[in-house]
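Undergrad: Can you read through this structure? Questions will come right after.
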Amino acid sequence: VSLFNQGFLYGEDGKKMSKSLGNGILPGEAASKYGVDGTRMFLVSVASPEKDFNWSDKGAESTLKFIEKIFVHFDKLKITKSSEKTQHKINKAIKEITEDIQSFKYNLAVIKIRSTFDSLETEISKKDLESFVKLLSPFCPHIAEELWEKLKNKSLISLADWPIADEKKINPEFDKAEQAADKTVSDIMNILKIVKKEPEKIYLY
């Protein structure tokens, strides 16, 4: 048996939450304002569980907007065959997020969930979409159940098997291409700051 000590939650003023200071956040009020899943996901995303961290209304609002974004995007998806890039993203996420959860690195898992969602294409297979919803479920169980039902599953997602990564579909070349593209965009933005002029066109060679 091992002991795991959790960190303290501080108010936005940087002081430990207490009734005397009046800087506390009641769970019921937070859930009413940001949703149960929104509050839950925010709390595990702001810091490692063993470290202290400050509550942030802006952070909670950002998490709520992310969840709303998932719902909007979900309705736009076309269930078909996933591209190789999407298969890479999903299977890489399954592998890394599973490792993060097992290591109690929930904040890193949430970061990867958000990154994976941002990379989802509008055309995706049902299996890959179900895998993403399963990865979301430990942090947003109620919302995951709703999305699971939208996929016309009759059983509960809480009873479904955890996804297993197919490492044959993980292709590092996709990550290299993205890093190169991000580096190019960063370089262009830095040049624009220096010249202080917005060009009509930019040519890449």
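The values are calculated or read from the model by the stated rules, or taken from the named source; none is laboratory data. Predicted model only: the values in this text are computed from it and were never measured. For neighbour counting, all protein chains shown are included, and Cβ atoms are generated from backbone atoms with ideal geometry for every residue, glycine included. When the accessible area is computed, the model is the full protein with side chains, heavy atoms only, and any ligands, DNA or RNA have been set aside. Shrake-Rupley method; radii C 1.70, N 1.55, O 1.52, S 1.80 Å.
Undergrad: Which of the residues belonging to region 103-119 are more than 13 Å from A165 (Cβ to Cβ) and in a helix (DSSP H, G or I)? Full working, then the answer.
TA: Here is the first cut: in region 103-119, the ones more than 13 Å from A165 (Cβ to Cβ) are 103-111, 113-115, 117-119.
Passing the criteria: Y106, N107, L108, A109, V110, I111, I113, R114, S115, F117, D118.
Undergrad: Please state which one of W148, W162 is surrounded by 10 or more Cβ atoms within 10 Å (Cβ to Cβ), in a loop (DSSP other than H, G, I, E, B), modelled with pLDDT of 70 or more and not polar (S, T, N, Q). Talk me through it step by step, then tell me what you get.
TA: Numbers: W148 fails: in a loop (DSSP other than H, G, I, E, B).
W162 is the lone residue from the list that is surrounded by 10 or more Cβ atoms within 10 Å (Cβ to Cβ), in a loop (DSSP other than H, G, I, E, B), modelled with pLDDT of 70 or more and not polar (S, T, N, Q).
Undergrad: Consider only pairs whose beta carbons are under 9 Å apart and that are at least six residues apart or on different chains; among these, list those whose first residue lies in region 165-180 and is in a helix (DSSP H, G or I) and whose second residue is of a type in the set (S, T, N, Q) and at pLDDT 70 or above.
TA: Between residues of region 165-180 that are in a helix (DSSP H, G or I) and residues that are of a type in the set (S, T, N, Q) and at pLDDT 70 or above, the close pairs are E167/N91; K168/N91; K169/Q87; K169/N91; E178/S119.
Undergrad: Please identify the pairs in which a residue from region 137-162 that is closer than 20 Å to D75 by Cα has its Cβ atom under 8 Å from the Cβ atom of a residue that is open to solvent by 80 Å² or more (accessible area, probe 1.4 Å) and in a loop (DSSP other than H, G, I, E, B), counting only partners at least 6 apart or on another chain.
TA: So the pair list comes out as E145/L156; W148/L156.
Undergrad: Under 9 Å by Cβ, and 6 or more places apart or on different chains, what pairs join a residue from region 24-44 that is modelled with pLDDT under 85 and assigned to a loop (DSSP other than H, G, I, E, B) with one that is open to solvent by 40 Å² or more (accessible area, probe 1.4 Å) and basic (K, R)?
TA: Listed pairs, sorted by first residue: none to list.
Undergrad: Would it be correct to say that K134 is within 25 Å of A30 (Cα to Cα), without any contact (Cβ under 8 Å) to a residue 24 or more places away in the chain and assigned to a helix (DSSP H, G or I)? I'd like the intermediate steps shown before the answer.
TA: Numbers: within 25 Å of A30 (Cα to Cα): yes; without any contact (Cβ under 8 Å) to a residue 24 or more places away in the chain: no; assigned to a helix (DSSP H, G or I): yes.
Considered against the rule, which asks whether it is within 25 Å of A30 (Cα to Cα), without any contact (Cβ under 8 Å) to a residue 24 or more places away in the chain and assigned to a helix (DSSP H, G or I), K134 comes out as no.
Undergrad: Give the residue that is nearest to N91 (Cα to Cα), with candidates limited to residues of region 105-130 that are surrounded by fewer than 19 Cβ atoms within 10 Å (Cβ to Cβ) and in contact (Cβ under 8 Å) with a residue 60 or more places away in the chain.
TA: I111
Undergrad: Right, something else. Could you give me the residue pairs with C-beta distances under 7 Å whose first residue belongs to region 63-81 and is closer than 23 Å to V44 by Cβ, whose second residue is charged (D, E, K, R) and not in a loop (DSSP other than H, G, I, E, B) wherever it lies, and which are 6+ apart or on separate chains?
TA: F66/R114; I67/D37; F74/K150
Undergrad: Test E68 against the criterion of being in a helix (DSSP H, G or I), surrounded by fewer than 14 Cβ atoms within 10 Å (Cβ to Cβ) and not hydroxyl-bearing (S, T, Y), and give yes or no.
TA: Numbers: in a helix (DSSP H, G or I): yes; surrounded by fewer than 14 Cβ atoms within 10 Å (Cβ to Cβ): yes; not hydroxyl-bearing (S, T, Y): yes.
For E68, the condition - in a helix (DSSP H, G or I), surrounded by fewer than 14 Cβ atoms within 10 Å (Cβ to Cβ) and not hydroxyl-bearing (S, T, Y) - is met.
Undergrad: I would also like to ask the following. Within region 170-185, is even one residue buried (at least 17 other Cβ atoms within 10 Å of the Cβ) and at pLDDT 85 or above? Please lay out each step first, then the result.
TA: The initial filter retains those residues of region 170-185 that are buried (at least 17 other Cβ atoms within 10 Å of the Cβ), namely 170, 174.
With the extra rule that they be at pLDDT 85 or above, the set shrinks to 170.
Yes, region 170-185 has at least one match.
Undergrad: Now for a separate question. So which residues in region 120-131 are acidic (D, E), in contact with a helix residue (DSSP H, G or I) (Cβ under 6 Å, 6 or more places away or on another chain) and in a helix (DSSP H, G or I), if there are any at all? Don't jump to the end; show me each part of the working.
TA: Of the residues in region 120-131, the ones acidic (D, E) are 121, 123, 128, 130.
Right, trim to in contact with a helix residue (DSSP H, G or I) (Cβ under 6 Å, 6 or more places away or on another chain) and you get 121, 128.
Matches in region 120-131: D128 only.
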